[in-house]
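Colleague: One structure, pasted below without further comment.
The values are calculated or read from the model by the stated rules, or taken from the named source; none is laboratory data. Small disclaimer: the values here were computed from a predicted structure and weren't measured. In this analysis, Cβ positions are derived from the backbone assuming ideal geometry, glycine residues included, and neighbour counts consider all displayed protein chains. Heavy atoms of the whole protein, side chains included, go into the accessibility calculation; ligands, DNA and RNA do not. Shrake-Rupley method; radii C 1.70, N 1.55, O 1.52, S 1.80 Å.
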Amino acid sequence: MLTVLMATRNGSRTLTSVLECFTHLQTPSSGWKLVVVDNGSTDRTREIIQSFQTVLPLTYIFEGNPGKNAALNTGLAHVDGDLVVFTDDDVFPRPDWLIQFRKTADSHQPYSMFGGAILPRWEGPPAPWAAWVPPAPVFTLTDPRLREGPIDAGLIYGPNMAVRAKVFNAGTCFDPSIGPRGADYPMGSESELLERLKRQSHKAWHAQEAVVEHFIRDYQMNKSWMLKRAIRFGRGQLRLLEASGTTAPRLFGVPRLFFLRMLKRFVKISTAWVKSDEQQMFLARWELNYLWGHVVEARLLRRRRHSQGDKEA
């Protein structure tokens, strides 16, 4: 069988509609179960989840330690079967979602990681300028140009992915120091895991027919929100860069090349301002915040290392 694993925190706004969508899923011949980990919710999340236990093969778990990855690690102990499908509390799968993942995993045994297509479900009409920013890091949407076949693990995103259970049975788990944890955190909850598996020679496959829709809220149609997300994205990308073992020259713990890249973005912003080019100005600001996120995380890591060194001394 397969297990669908989802972490949620104060997700009552979307959970009812999402779980209602789950009641329409086609059941794979091997069977399936749903594990939802409540990560310390203070709203009606628990009540909503438990109300679906009579109509879904649903297990409710509570994890009080904050952090999405802490919740996912707790959920892994309740997984059954050979395939773990991951999603979020604001994601709406198509009826044949599990059928498609099951078929893909069975047909491509050498592959351990699978990612499906993620389309937008807008709460309201998207602002025209929303197209200026990259949809993957901003809205967690897959590239519509992707086709069925082998892909880089970096093109698989948390709202719609599957990993063979044997990976976790061997002791692999999520890194609780990265991913959603309050309002200030480095992005990359699932990305860190996938990149780690890639370095261990696990291969990834894109399952084009395993489709979900990611709910995009109205407040995300806000330039300030997008610019803050760029910083969180940059912080996460720095963590992935560090994990890859980069040996780039540094200044104050920050790879020097980022200072040059930031200077170029300042120039782009100035040029766009002179030309009154709103699109190029906003995109350059987004890129600058993304680079600044690298600097923020690099300095935080350097501080932690020094603190750890002082304690050991």
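Colleague: Work out which helices of the chain, taken as complete DSSP H runs, extend at least 20 Å along their axis over the Cα atoms and score a mean Kyte-Doolittle of 0.0 or more, then list them. If you can, show how the numbers build up before the last one.
Modeller: Details: long enough: 223-243 (30 Å, -0.35); 257-275 (27 Å, 0.70); 278-312 (51 Å, -1.08).
Going by DSSP H runs, the hits are 257-275.
Colleague: What residue among 95, 249, 134 has the largest mean-square fluctuation in a Gaussian network model of the chain, using Cα springs under 10 Å?
Modeller: 249
Colleague: Here is a follow-up. When ranked by the protection proxy of mean other Cβ atoms within 10 Å per residue, highest first, what sequence do the peptides 154-162, 296-304, 252-260 form? Display every interim value, and only then the final one.
Modeller: Working: 154-162: 23.0, 296-304: 16.4, 252-260: 14.9.
The densest-packed peptide leads the list: 154-162, 296-304, 252-260.
Colleague: Here's another thing I want to ask about it. Of all the accessible heavy-atom surface of the chain, with the other protein chains kept in place and a 1.4 Å probe, what percent is carbon and sulfur?
Modeller: On the way: 7820 of 14860 Å².
Whole-percent figure for carbon plus sulfur exposure: 53.
Colleague: While we're on this one: Order these peptides, 276-289, 41-54, by their mean beta-carbon neighbour count within 10 angstrom, highest first.
Modeller: 276-289, 41-54
Colleague: A follow-up question, please. Leaving out ligands and nucleic acids, note down the accessible area per residue over region 68-225 with a 1.4 angstrom probe, in whole Å².
Modeller: So region 68-225 comes to 41 Å² accessible per residue, rounded to a whole number.
Colleague: Follow-up. So which lysines can residue 68 reach, going by Cα to Cα under 23 Å and dropping same-chain residues fewer than 8 places off?
Modeller: Partners found: 33, 166, 198, 228.
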